[in-house]
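First up is the structure itself, then whatever we jot down about it.
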There are 2 protein chains.
Amino acid sequence: MQRTKIAHLLQREEPLADLLIKGWVRTRRDSKTFSFIELNDGSCLKNIQVIAAETLPNYAEDIRRITTGSAVAVRGDLVPSQGGGQRWEVKASQLVLVSLAPDTFPLQKKRHTDEFLRTIAHLRPRTNKYGAAFRLRSELSYAIHRFFRDRGFRYIHTPVITASDCEGAGELFRITTLDLKDVPRNQGKVDTSQDFFGREAYLTVSGQLSAEMFALALGDVYTFGPTFRAENSNTRRHAAEFWMVEPEMAFCDLAGNMALAQDMIQEIIRFVMKDCAEDLELFARFVDKTLMGTLENIASSDFVRLPYTQAIEIIKQAGQRFEYPVEWGTDLQTEHERFLTETHFHAPVIVYDYPRAIKPFYMRVNDDGRTVAAMDVLVPGIGEIVGGSQREERLEVLEARMAETGMRAEPYWWYLDSRRYASVEHSGFGLGFERLLMLTTGISNIRDVIPFPRTPGSIDF
Amino acid sequence: MQRTKIAHLLQREEPLADLLIKGWVRTRRDSKTFSFIELNDGSCLKNIQVIAAETLPNYAEDIRRITTGSAVAVRGDLVPSQGGGQRWEVKASQLVLVSLAPDTFPLQKKRHTDEFLRTIAHLRPRTNKYGAAFRLRSELSYAIHRFFRDRGFRYIHTPVITASDCEGAGELFRITTLDLKDVPRNQGKVDTSQDFFGREAYLTVSGQLSAEMFALALGDVYTFGPTFRAENSNTRRHAAEFWMVEPEMAFCDLAGNMALAQDMIQEIIRFVMKDCAEDLELFARFVDKTLMGTLENIASSDFVRLPYTQAIEIIKQAGQRFEYPVEWGTDLQTEHERFLTETHFHAPVIVYDYPRAIKPFYMRVNDDGRTVAAMDVLVPGIGEIVGGSQREERLEVLEARMAETGMRAEPYWWYLDSRRYASVEHSGFGLGFERLLMLTTGISNIRDVIPFPRTPGSIDF
């Protein structure tokens, strides 16, 4: 007999006879002649109430010793609930104790701190909060795929293992099959010819350069995959491994790029508010009371378009002390970004046309010569959630920019090829998927929206 | 003015006035008073024919020198085609030459070998065949997500960076931030305490162990992400980086696991045959003439369920010479797998209950003590496409198996925890996504279904 998922039962309009459910016990309460069992199977946040009467043959032997966390299988009927608080309940005709959780089970019926739950990341999805967070992560992933597919974008799997450093930031994990106890050498240097790929290899920091090659063939494409930074910083916003969404569009300029970023963020937030209402409510009640207001604001606001030069003026005239002072030419810090979006505009803001000196080589140089067609989307509560640009499609300008930023052109021959052979205007951006999750849940630590987070010194599970 | 995609134009029922299309020129033919241009924008396999009359102001200057591969922007009207071979064509009112492809553009109008195209993997998606292959890759990814979401499965992003070796095969890429020129040592050993994670770290070979933790909380889950093998073999079937789909189901036994694998493969093949018919036809015509027959066979056959012990008997009685002889206890080679599915049964075959000695520690030991509840799905043309098992849910059996296979239990404390705390029956499998692509396209080399393949010595792009 096939089990029915609790999510399906709770949505029913009619009673149902002789069903089978399986799941984990959240609580057990006993009255004189029966027990109430709150059962959860992970299919949704809500439990279903099971009524187990003392007339069941294993009532004394099994049912009365069921502990929190134990696994059970229940046959019975879905009937209208006698008590308040729920529409349906299951009247058990048979209850099998599949597996008893011992007293040492760490998730007892009390509130646990996020810090403690991080130490048992393999068990925390069994809690209401983390169950909801990871169901939401799944639904948001789906929403992203649907958003792009509806618009004719193709999903591209760009390589994780790479020889190029897209951002030039140098915070790369090295990949090797060399024996670290005895690294082979040739003329004093590491003999990379003996390594698996015959040269140095790294974990990717972005799929963009690869995605550009596909945009210049298939039109509109996107990546959605893991990216990596070997940044030795322990903050609430950084992880060594995280997922990025990177659309890339042929025949698209910066204005089209900004429009897509706004569309995407708004459509996904509307999707979550509509299709994940139950899980979202948990976060709005217990994690961030301002969550629904923030999401409604983003979903309904026109995103402000603000040139960087104006952004600097606004920040300088803010009459507010910042930890980092700004001048034309400096990068914006999170405090400035949050000031713009939360305090000054009370709406999402897209800052664009940044100084060329603080941006990577691939961004298109504007006619003023001192700015590039870059854009960052800033949202309340998070700051930067999207960074993108129109790409430099002119071969000679691109080569000059590479020289200017001290990059060797040779490893990028294939990238430069795309500007040799029928180069066209194109644009794209990157969205940090975990930032989107933090935005939609109010969860403030990136470690709590990743199933098994990787941070300096932390690789358990 | 927004560009219209060619895929949309070709599907229209009605003419359309004053549209804008942008794309790359596949061919140009000239008559006395006008030129025919076959334009492709990657949105679909088919080109649209553009008619550019000599009355256009830049006809002599630009249009007559357009080369294969050049990018153009065309304004005009969609009108019924005068010539045969296509329903619609675009009569240009304006044609802008965006970017001229030089004579050195490698993709001239002739047939190129797959080997040559691999050396220009950044340009090959601009060909018909690879455009089709990567559109199909995108659509198949979507079909996988839809299949699972329709059934209430949650998508889990399991970590790429890991400290555990799921398969125990030892073919791992190491990840490090240590300086290979000067690896720090402590008492003669590599001082991993100075590495980013404070211990040895690797690229994952499977998300299964992590996914199990989530199945035991959320019920039905799946992963779909990159996995890695540092296997130094140059075959048509192996890449160092490839994508795997790994569903994992709580309260599911081996029979349920086999049923899901069959459902999944059949639904995805039906989806491809229906929704990707145009691209698929290219492969059926030019790559593998038997493709449609193979796919129809798989979509409509009941998959044979065959115990390993019987499979060995059948192979031994085949009256056919194999390179590798089989006996009870040996693993099946591709030649045996293909014999079973292609020659003996003429249908997909699920072989199950393999000898425990040749299978990993996490597979459930059967009551006979000498086999485990493993299953492999074999399909014509490919051999093994899915490998899975019911998982060993009994703590003491699992610990004994780890000891038996020489594994240290300590790094797997969290995995063993899941058997300490309300362990339940569960099952899952892995599907090699590239094998599925090879099956559905007839492409016989894995390098030709991955955007930028990673193999020994090969990390370009």
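Here, each number is a calculation from the coordinates, and none is a lab measurement. All values reported here derive from a predicted model rather than from experimental measurement. Here Cβ is always computed from backbone atoms with ideal geometry, including for glycine, and neighbour counts include all displayed protein chains.
Across the stretch B:334-365, the residues whose backbone nitrogen lies under 19 Å from the label position 7 Å along the beta-carbon direction of B:Ile314 are B:334-355. Distances from B:Lys289 to itself in the other copies, using label points 7 Å out along the Cα-Cβ axis, amount to 7.5 nm in increasing order.
Close amide H pairs (under 5 Å, H built 1.01 Å from N) link B:His157 with no residue at least 5 positions away or on another chain.
The coefficient of translational diffusion for the protein assembly as shown, derived via Stokes-Einstein from the alpha carbon Kirkwood radius under 10 °C and 1.306 mPa s, stands at 53 µm²/s. Rounded to the nearest Hz, the phi-derived 3J(HN,Hα) couplings of the stretch B:10-19 under the Karplus curve 6.51 cos²θ - 1.76 cosθ + 1.60 (θ = phi - 60°) are 5, 8, 5, 9, 10, x, 9, 9, 6, 10, where x marks glycine and proline. Which part of the stretch A:103-124 falls in the paramagnetic zone of A:Ser444, meaning amide N under 14 Å from the point 7 Å along Cα-to-beta-carbon? Flagged as within label range: A:114-115.
Label-point spacing for A:Gly83 across the identical copies (point 7 Å from Cα in the Cβ direction), in nm and ascending order: 7.7. Note on B:Arg420 and B:Trp328: with the Förster distance fixed at 22 Å, the Cβ-Cβ geometry gives a FRET efficiency of about 0.05.
A straight line joining the Cα centroids of the stretch A:1-68 and the stretch B:250-302 runs 38 Å. The relative contact order of chain A, computed from alpha carbon pairs under 8 Å that lie at least 6 residues apart in sequence, is 13 percent. Scalar couplings 3J(HN,Hα) for the stretch B:328-345, obtained by applying the Karplus form with A = 6.51, B = -1.76, C = 1.60 to θ = phi - 60°, are 4, x, 8, 7, 7, 8, 3, 4, 6, 4, 5, 4, 4, 7, 8, 9, 7, 9 Hz; x denotes Gly and Pro.
Between copies, B:Asn232 shows label-point distances of 3.2 nm, shortest first, with the point placed 7 angstrom from Cα along Cα to C-beta. Residue exposure proxy: A:Arg3, A:Arg87, ordered by other Cβ atoms within 10 angstrom of their Cβ from fewest to most, comes out as A:Arg87, A:Arg3.
Here B:Ser93 and B:Glu296 are evaluated by their C-beta separation; at R0 = 41 Å the FRET efficiency comes out at 0.35. Distance from the alpha carbon centroid of the stretch B:118-183 to that of the stretch A:85-111 works out to 38 angstrom. Counting 0.36 nm for each residue step from A:Ala400 to A:Glu115 and taking away their Cα separation leaves a gain of 97.8 nm.
Amide H to amide H distances under 5 Å link A:Ala201 with A:Ile175, where only residues 5 or more positions off or on other chains count and H is placed in the peptide plane. With a simple spin-label model that places each label point 7 Å from the Cα along the Cα-to-Cβ direction, the separation between B:Arg370 and A:Gln108 comes to 4.9 nm. As a proxy for reagent exposure, ranking A:Trp243, A:Trp413, A:Trp24 by other Cβ atoms within 10 Å from fewest up yields A:Trp413, A:Trp243, A:Trp24. Taking each of A:Lys189/A:Lys359; A:Lys32/A:Lys91; B:Lys274/B:Lys359; B:Lys129/B:Lys274 in turn, the alpha-carbon distance tops 28 angstrom for A:Lys189/A:Lys359; B:Lys274/B:Lys359. Ranked for footprinting exposure by Cβ neighbours inside 10 Å, fewest first, A:Thr440, A:Thr371, B:Thr104, B:Thr405 give B:Thr104, B:Thr405, A:Thr371, A:Thr440.
Counting only Cβ charges, +1 for Lys and Arg and -1 for Asp and Glu, the dipole size of the stretch B:6-99 around its Cα centre is about 260 debye.
Amide H contacts of B:Cys44: B:Ala7, each under 5 Å away and 5 or more positions distant or on a separate chain (H built 1.01 Å from N in the peptide plane; Pro and chain starts excluded). Contact order, relative form, for the stretch A:6-99: 31 percent (alpha carbon pairs under 8 Å, 6 or more residues apart, mean separation divided by residue count).
FRET efficiency for the pair A:Asp77 and A:Asp30, taken as 1/(1 + (r/R0)^6) with r the Cβ-Cβ distance and R0 = 22 Å, rounds to 0.55. Work from the charge dipole of the protein assembly as shown (Cβ charges, +1 for Lys and Arg, -1 for Asp and Glu, about the Cα centre) and give the residue of B:Gly23, A:Ile312, A:Ser210 farthest towards its positive end. Ranked along the dipole, the leading option is B:Gly23.
Evaluating 6.51 cos²θ - 1.76 cosθ + 1.60 at θ = phi - 60° for every residue in the stretch A:148-156, the Karplus couplings come out as 6, 5, 4, 9, x, 7, 9, 8, 10 Hz, glycine and proline recorded as x.
Looking at chain A, the DSSP beta bridges with both ends there are about 90 percent antiparallel.
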